[in-house]
Every structure is written in structure tokens, then in C-alpha cells.
């Protein structure tokens, strides 16, 4: 039975109320819905942060930096843009047109990037001396810039090689042949990998990924901008095929020596969670087998020869192990670190003591630790974010490591992120919710409200917004499924409305949250404005609900997800204002897979569907993600056959618009082209549209065209 969430339970019953005088309000445009109008998004403060290790706050306002004391509302002008440009005179730095992004090194020094005649210049500002020094410069085509705060070196990449800039020196670390890439993300950014450069704490050693892709099959992407179209091949290892081989190197800045960490065989394994020990001598790597069901967290020598020292722990799982980040060593303690793992059904924090070989579980319960937010300076407290209050909310907590005492820092319902002052006396609480566009509050260490630093005006107050209602349903195994229904702004309960089911449904995503617009954004509200009910359900397999909720889709992607989506359909049919003969679906990527799955498997329900960038046969998808959830085609032939949509085009009925970007490097164009070919062989009609030169989705000014295309398709056919 449907249960509507109450304000007392989750405080997310209604996001927006029906405007009293809709004719005086504005309507969304496709440009609004395509991220091209800043005015429809909540204003956020510019660089509101702590100054170094002090409890002084700074914020950029227009062309000046203002500072304030936590206990006083008085603002002082700290530095103007003109003064900043005056400091740079004689340093070869071009005049700045705005206050740059500042990264504080200590209480009085910060660094920022600027432009010079020689390229991109790294500058250090000293507010005591009122000086700016140009530390070094890097070429304008440099990428993956990573600053070492200890010595102000910059490691960066150009093409497939790694370089370091130091003073007026540019050191080339690697000289790789084509097909070997250094200093960049590896394993297609899975396993929480978001970079490939790792400075040691003292800045004397530089660890970096080296990825050999020469054994991986070339996959052709086609550039049609030239008169004669050219192939631009990328390396794309498909499920069950040969993968790339990754090693971790350590370069010694003092000696110029480069060593390879001896992570051993087989060569096809995943190197994750790279972490330096605070002693600068040891480095840790999470070594995950290709099957992704056995992780070893290993310690290696980083000074002499890269030898293996010991395995700190191992994690195994019948389905898969998915590392969620590095180890976090206690401040200046080379013997203890925090690790996040999913061992009791939910991601929780664990404290390891290396010398004693002991581990202590720090957090526990039927909720997920989504983020580890660091330590107090003395290492006595840790900060983290979790779903303990509700799967829809994110709250921040402080734990005393010795006693285990936990203090909830954030109180207001919604989604929070906090930044503590260096002494831990205060917290900046950045948050939004279904009724708060964006606030920043100052809290004390006990979570007590001190004062509001920023309160964004409702950016949608002048727009026609319908009512958004959140609720719950039960899956067939009893698990709670969260739902969101957006009504047109001029909703009339006595009428019958068509429904668009907006779906994603895959891992690493949660569509329904206690955030501004309840996670729907402008696009779905635009669809509702055009006369549709817009419904979303987060099915089993989606993120941050625990192991059982996610892993039940293993080896059979799309099946349980469809069952859950049909639970939502059955509920929709009970609503007197739903036209059960006019139900459609829309989704992109995994959502495109789900939208097509629903259309093919339930043609009696879904009259019209739109699928963008869809996965249509998992054998064409990449190894890291694909094999985690489906194993290989050889290991799971029944699952690949069951989930393939390309071999089921004979079941296609009604209207389906399929959209693909021609240079998509994530879901290859081949997915939908083979689907089209099979539709032709089976005599099935399909509406098809491509976006030349776009990648895995359509962004920029062309996105308005995409939204217009999708909306008009539903209006014409639904």
C-alpha cells in the first residue's frame, strides 16, 4: 500500500505548492532545462572558507575578499582585485580579471593559478608581506595538474607523458611510446579513482599510474567535421576481452630514480586506493583481482626497490568488492588509518593499527557511510557523512575515536556537507533540502546553530511549478522503494493525465533525495509544465541503500529493476487522475537501457519510450563496470542472453525514440546501431536521432535541442 511520507518522518512531503496566480508566473524554456540559465539555480557563496588554520572566515564578493570573525557579523575588506594585481607587478603574471581560486597553505600563505606569457603560472601569495611570488609555470596544454603544497612543485601531463615543473625547471618524468599513458586516471575511473598523480607528504617522492593499453583492442570513433571523415580510435576493453595493464611507479625528486612497485601477477588486475604512509617510505595499494571479488590491501617499499612488505587485510565477497577510496592515516600517525568497507551489509568505517595487526569497527547500523570528511588536528575526532537519519538525507557527524561518542553536527532535514575550522570549534554547514534552495550555517562543535552566513533566494519563485510529492512503495522482497511524482502546475484532479516515467535504475545513482527540487532538477519540472505527470522510482540496484539492495541485480541487470518499476506502474494505475493508456518512459545510459527494457518487455503498458545513449547488450560494455555487475559473457551466457535487448527487437511495439551521440566513449554507438539493424531485419519501425560530435550526453547549447526533441516526441505521441 502506498505510504505518503509525513513532515515528521522525513520532512519531504511537498516540494512546491501550486502557484495562486499561474498566469503571472514564468514558464520554463528548453534553455532553462539544459543548464544554460544560471538564474534558475540557487546562488552559492563564492569561496566561503576558513583562512588557513585560523577560525577567520573569508568570502569573495564581487572584486574583493572580505573576512569575518565567527562571532561577529562585521565584514572587513581583506584584499581587492586591484591590490592583488598590484602585488603581481614584476612577476610576469598577467592582470587578473577576477579573484582567483585560493588554496591556503597556512595562516598567511595561499596559492593560485594565473596566466603569464609563458603559460599557466602558479603563484604564492603572502598576506603578511603583501607579496606574490611566481613559483613556477606550466604549458597551457598541460592537464591533470597536481600541486605539492610542501615544495610548490606541479606535476602534470601532456598527451601520454608525465612532467614536473619546479621553479624555472621542467622535468620530463616519462618518455612513453604510443599506447602507454602516465599520470592519468586508470580503470576508466572506477573504484573511486579520480586521478593518477600522488605526491608523498614531504614532496620528495611522486607516485603515478602507468597504464599500458597496447594490448587492448582499438575502437574507432569517427570525426565527421573534416571533409573526409577520420577515425579517432580509443582503447575500449569490452567485457570478457583483454584488459589494459597498470603499474604504479615512484619517482624520486632528489635522485631522479624511478622504481616500479612490485604488485605481482596476474597483469590484468586493478590497482586502487593508492595511499602514502606519513613516514614517506611506504605506500599502500588495494590490489583487486579482475573478478572483483577479492581485494588485498598491500604495503610496499617506496624508497629502494618497490618490494612487497605485507598484506594489511583482505576483503572477499561472492558478488563483488568495490573499494571506495584511499586509507586515511591519523594526523602524523604512521601506524593507524581509517578504511571504509562494506562488510556487514553497509559501508562503515574501520580503524586499523598496523603494528598490532588489529582492526576496530567504528560505525555500525543499517545505514551507509557515504563520505569520510577527515580528522581534527589532534587526531582525536573524525568527521563523516551518512544516511543514518534517512536514505534520502545526508547528515554529518563527529566521533571521538577513543570513546566512540558520536555527535550529530547537522540538524535541519536535507543534504549537508560540513567543513570544520582547524581547531574544531566551528563548522561551516553547506546544505539544501526540498524547502531550502541553498544555505550556509555556522555551527559550533556541538552542532548548535550560531548564525546564518548565506541564504539563497528561491530561484524558482517566479516560475510555474507544480506540486512534487515523495512517497514509498514496497518491493516484492519487502524493501522500501522511494518515489517522486511531479504534477503539472495547473493540475486538475478531475482530469486524466499522461505519465512519463523517468528512470535511471543503475548503481552509483540515487534520483530521489531530500535536496532542492527533490533531485528532479529543471528538466523534469519542464516536462511536468508541458502537461505530463512525471514519475520516478529508485529501484533495487540503485545507490546508498546497502549491499542487499544493490547486489541483487548481479548477473541479471535490468530484471529486478523492471519488477520494481512495474510496482510503481501498478500504483500509478490506482490514481484517478492517471491515464493508464498514456504511459511513457525516458532515460539515458543505464536509464536508456531501462527505458528500452520496459518498452520491449511491457509494450502493453508503455505506449511511448525515449532511450538516450542506451546499453543494449552488455557484451559491448567495458570490463570494469560490466564485469562487476554481469561477470564475463563466458561466465554468464544466460545472463547476457536474458538482458540483451538487441535480440528482442521482434517484441518492439509502439513508439520508441532512440538517441545516440556519435562519439560516445562510454556506451558505444554500436549498441544502438546493431539494435536498428535488428529492427530492420524484424520489420520493426523505430525513430532514431543522433548528435554528431557529442560524447555520452548532449551538453552546451545543443542540449536545448535535445530537450525540445524529447518533449515534442512525447507531446506528439503520448
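Overall shape: oblate for the stretch 453-492, with the ratio a/c of the largest to smallest alpha carbon gyration tensor axis at 1.5 or above and b/c at least equal to a/b. The radius of gyration of the Cα set in the stretch 163-323, together with its Dmax, comes out at 17.5, 57 angstrom. Among 575, 657, a tally of other beta-carbon atoms within 10 Å of each Cβ gives an order, fewest to most, of 575, 657. Counting only DSSP beta bridges whose two residues both lie in the chain, roughly 85 percent are antiparallel.
Using every pair of distinct Cα positions in the stretch 296-448, the Kirkwood expression returns a hydrodynamic radius of 16.9 angstrom.
Using the Cβ-Cβ distance between residue 31 and residue 573 with R0 set to 41 Å, the FRET efficiency works out to roughly 0.75. Size descriptors for the stretch 101-241 (Cα atoms only): Rg and Dmax, in that order, 18.5, 60 Å. Spread over its residues, the convex hull of the C-alpha atoms of the stretch 536-627 is 102 Å³ per residue. The alpha-carbon positions of the stretch 352-413 define a convex hull whose volume is 95 Å³ per residue. Between residue 355 and residue 641, what is the spin-label point distance in nm, taking each point 7 Å from the Cα along the Cα→C-beta axis? Distance between label points: 5.9 nm.
Each of 658, 241, 68 was scored by other Cβ atoms within 10 Å of its Cβ. Listed from fewest to most, they are 241, 68, 658. With respect to the chain, whose longest principal axis is taken over its alpha-carbon atoms, helix 559-572 is tilted by about 60°. Can you give the angle from 0 to 90° between the axis of helix 703-717 and the longest principal axis of the chain, with both taken from C-alpha atoms, to the nearest 10? Helix 703-717 sits at roughly 20 degrees to that axis. The stretch 540-572 and the stretch 287-325 have Cα centres lying 30 Å from one another. Considering every alpha-carbon pair of the stretch 573-718, the percent of pairs per 10 Å bin, from zero through the bin containing the longest distance, is 12, 40, 34, 13, 1. Working from label points 7 Å from Cα in the Cα-to-Cβ sense, the residue 24 to residue 61 distance is 3.1 nm. Each stretch of four or more DSSP H residues adds -39500 (n - 2.57); spread over every residue of the chain, this sum gives -3500 deg cm²/dmol at 222 nm.
Which whole-number percentage describes the relative contact order of the chain, with Cα contacts under 8 Å and a sequence gap of 6 or more? Normalised by residue count, the contact order of the chain is 11 percent. Extent of the chain along its three principal axes (Cα atoms, max minus min coordinate, largest first): 71, 61, 60 Å. Relative to its Kirkwood radius, the Cα radius of gyration of the stretch 45-140 gives an Rg/Rh of 0.98. Taking the longest Cα principal axis of the chain as reference, the axis of helix 670-681 is set at about 20 degrees.
With the highest mean first, a sort of the peptides 72-83, 265-276 on other beta-carbon atoms found within 10 angstrom per residue produces 265-276, 72-83. Of the two radii for the stretch 468-523, the radius of gyration is 0.99 times the Kirkwood radius, both from the alpha carbons; that is the Rg over Rh value. Each of 486, 409, 158 was scored by other Cβ atoms within 10 Å of its Cβ. Arranged with the fewest first, they read 158, 409, 486. Hey, if you drop one equal point scatterer on each alpha-carbon of the stretch 366-458 and run the Debye formula without solvent, what base-10 log of I(q)/I(0) do you get at q = 0.13, 0.24 Å⁻¹? Ignoring solvent entirely, the Cα scatterers give -0.41, -1.27. Its relative contact order, with pairs defined as Cα atoms under 8 Å and 6+ residues apart, puts the stretch 163-323 at 15 percent. Estimate the FRET efficiency between residue 76 and residue 117 by the formula 1/(1 + (r/R0)^6), using the beta-carbon distance for r and 35 Å for R0, to the nearest 0.05. With R0 = 35 Å, the Cβ-Cβ based efficiency is 0.50.
Calculated FRET efficiency, residue 716 to residue 229, Cβ-Cβ distance, R0 = 41 Å: about 0.80 to the nearest 0.05.
Taken together, the values in this text are just the output of simple stated rules run on the coordinates, not laboratory data. This one's a predicted model, so the numbers in the text were calculated from it and none came from an experiment. Heads up, the Cβs are rebuilt from the backbone with ideal geometry, glycines too, and the neighbour counts pull from every protein chain shown.
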